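These notes are about the structure you will find just below.
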Amino acid sequence: MQEIVIHLETRFKQKGYQKAFALGAQPCKLCDPCTISTFCQYPEKARPTLQACGIDVKATVNNNGWTDLIQHKPCSDSHPIGMILLS
């Protein structure tokens, strides 16, 4: 999911949305193991999660009519959630 939202963020920026910002609902999985304690290998791709930004993923999914995802785990690998903020 992280690569997808980063790609979408890049495309929106190319279209003129310079403040486009990608978020995902799962922790960053770009490195295994994570190297943030020393230095991030991909600072241009690392993004905070929706939850870290105070976004209630379950409520957001429900408010957008995706109630079938709530029955499953919307932040799981089988039901990934991402968001692109635009201004």
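The values are calculated or read from the model by the stated rules, or taken from the named source; none is laboratory data. Because the structure is a prediction, the values reported are computed rather than measured. Positions of Cβ are generated from backbone atoms using ideal geometry, with glycine treated the same way; all protein chains shown enter the neighbour counts.
Taken together, the residues in region 60-71 that are surrounded by 10 or more Cβ atoms within 10 Å (Cβ to Cβ) and part of a loop (DSSP other than H, G, I, E, B) amount to 1. I want to confirm something. Restricting to region 43-59 and keeping residues that are of a type outside the set (D, E, K, R) and assigned to a loop (DSSP other than H, G, I, E, B), which single residue is farthest from the chain's Cα centre (by Cα)? Among them, the one singled out is PRO43. Reported count of residues in region 5-28, each being surrounded by 15 or more Cβ atoms within 10 Å (Cβ to Cβ) and of a type in the set (D, E, K, R), is 1.
Applying the criterion of being of a type outside the set (Gly, Ala, Ser) and closer than 14 Å to ILE84 by Cα to the residues of region 15-42, the residue that is farthest from the chain's Cα centre (by Cα) is LYS15. Kindly provide the set of residues from region 2-42 that are among the charged types (D, E, K, R), modelled with pLDDT under 95 and part of a helix (DSSP H, G or I), ordered by number. GLU3 - this is the single residue of region 2-42 that is among the charged types (D, E, K, R), modelled with pLDDT under 95 and part of a helix (DSSP H, G or I).
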